[in-house]
1. Among 104-112, 143-151, how do they line up by average Cβ neighbours within 10 Å per residue, starting with the highest?
2. For residue 139, which lysines qualify as cross-link partners when the Cα separation must be under 28 Å and same-chain residues fewer than eight apart are set aside?
3. Which entries of 298/342; 298/366; 342/460 show an alpha-carbon separation above 28 angstrom in the structure shown?
4. How much length would be gained if the chain were fully extended between residue 425 and residue 147, taking 0.36 nm per residue of separation minus their Cα-Cα distance, in nm to one decimal?
5. Place a point 7 Å from the Cα of residue 371 along the Cα-to-Cβ direction; which residues of region 28-49 have their backbone N under 16 Å from it?
6. On a full-extension model of 0.36 nm per residue, what is the gain between residue 362 and residue 129, subtracting their alpha-carbon distance, rounded to one decimal in nm?
7. Roughly what would the spin-label model give for residue 447 and residue 354, points 7 Å off Cα along C-beta, in nm?
8. Run lengths n ≥ 4 of DSSP H only: what is the helix-derived mean residue ellipticity at 222 nm for the chain, with -39500 (n - 2.57) per run over all residues, to the nearest 500?
Amino acid sequence: MKHIPLLYTLLLGVAVLLFFGLAYPHHLHYQEQYQLFLFDSTYVGDIVKHPGGVADLLGRFCTQFFLFAWVGALIIALLLMSVQLLVLRLANYGWLYGLSFVPSFLLWFFLLDENALLGGVWAVLLTLLAINGYLLLPKGWGRRVAILIVIPILYWMVGPALGGSHYYRYPHVTPYILYAAWLSAVILPLLIRVCCKWVNASHLSPFISHLIPLLVFIVMGTFVWKNANFKAEKVMQYDFMARHQQWNRILETINAEKPNNQIGVTVQNLALGMRGLLVDHLFEYHQNGIAGLLPDVKRDATSPLPTAEAFYQLGMINMAQRTIFEAQESILDFQKSGRCYKRLAQTNLINGNYEVSRKYLLALQKTLFYREWANETLPLLENEEAIAKHPEYGRLRQLAYTKDLGDFYFGDHITPQMLEDLFFRNTENRLAYEYLVAYYMLTGDRDGYAKLQRRLNEVKNEK
């Protein structure tokens, strides 16, 4: 009897792995980019000193691996399998063992929300480990003493009844589905034990005990799938591809399914521009007016990032730097971002602000997956010759505004004059030309386009 539930446990793990690995990978990337886990005693101490700090720390530690979607999917699968096995052990198996999967499915549902943090899952798991450990102790004074010791430790590890400070990205929002998962993990084992005492399993058909987990899988699995936000997943995919400058992959994606959302259109046009296709193929794709080129920067942590990538590739380094910085400061739970730290190190390096760049690079040295990049970049500081030869930083330094001109443009709204000044500073800036012509095409400004061509001819004649 004990081997059959383990097969269902394995089935749960495979389902979770495939879901997050194939259908929801960019939600994992999204989670990773909005934290900066540091292997630093001060950083760790600041987390664990709060109630629920241990669960929070474990959640953050695991989240850094979400940079690789399949690794993140495997971590989530193992955590949900562990929760189910601990609930099953508390329930002492029995013919109602299928109900032991309910808490794991509720946690799965919780993780569908991009603002749900992995610390909440760890809080449930640590609570179940404590209860199982307590029940292993012999009855008597040992258990009473253990209660006095375990309760304050558990309070420090998971917070007051899961009331930790970092289980959801909105600090003042209560994730009720997390409470439901925790309560079900405690109540269902008691229910299973009571029901198994009342109803003798020998009087039931073995088919009943196998039917229950199948029903749980079908009902809860359908509930999870129906509530998955695949629209947000698609938006996150475009942002992920822009982050990693996967221009060819973006073109393949938009040719298969043209985006119709703000971030998707921004990334689409950037990829077309990077491949020199924007002007010729602009109206073959859905457009959102001039907002699809360089949208006005909003005060949130998500939408400015693709726009900042466009600023960066255009050579508008100061604009990119300010946009990235403000996006990081808008992270709802006040964390720092590995993605933003890396880009801030790059923009300051290009601008020659080497000490500021060094600050970000030294922080990234304390991470697991950004350390190698930071070590490779640190020698570039104050090495003008090496920067000039660098295929990315040297090129962008040549394309960028002069410092005075870059400081002058402080508004969020991009004008054709700004793009024109950027282009004529360096007429090899093909992307600036593509964006400028696209701007005139989207606004129907024929006079502006004609003026641009006349000025361009004058520049060619002067050469």
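1. Order by mean packing, descending: 104-112, 143-151.
2. Once the sequence-local lysines are set aside, what remains near residue 139 is 2, 197.
3. Checking Cα-Cα distances, 298/366; 342/460 exceed 28 Å.
4. Full extension of this stretch gives 92.9 nm more.
5. Only 36-44 fall inside the zone, counting backbone N under 16 Å.
6. Contour length minus Cα-Cα distance gives 80.1 nm.
7. The two pseudo-label positions are separated by 4.9 nm.
8. Per the formula, -21500 deg cm²/dmol.
Coordinate-derived values only; no laboratory data. As the structure is a prediction and not an experimental result, all values here were calculated from the model. FYI the Cβ positions are ideal-geometry reconstructions off the backbone, even for glycines, and counts take in every protein chain you see.
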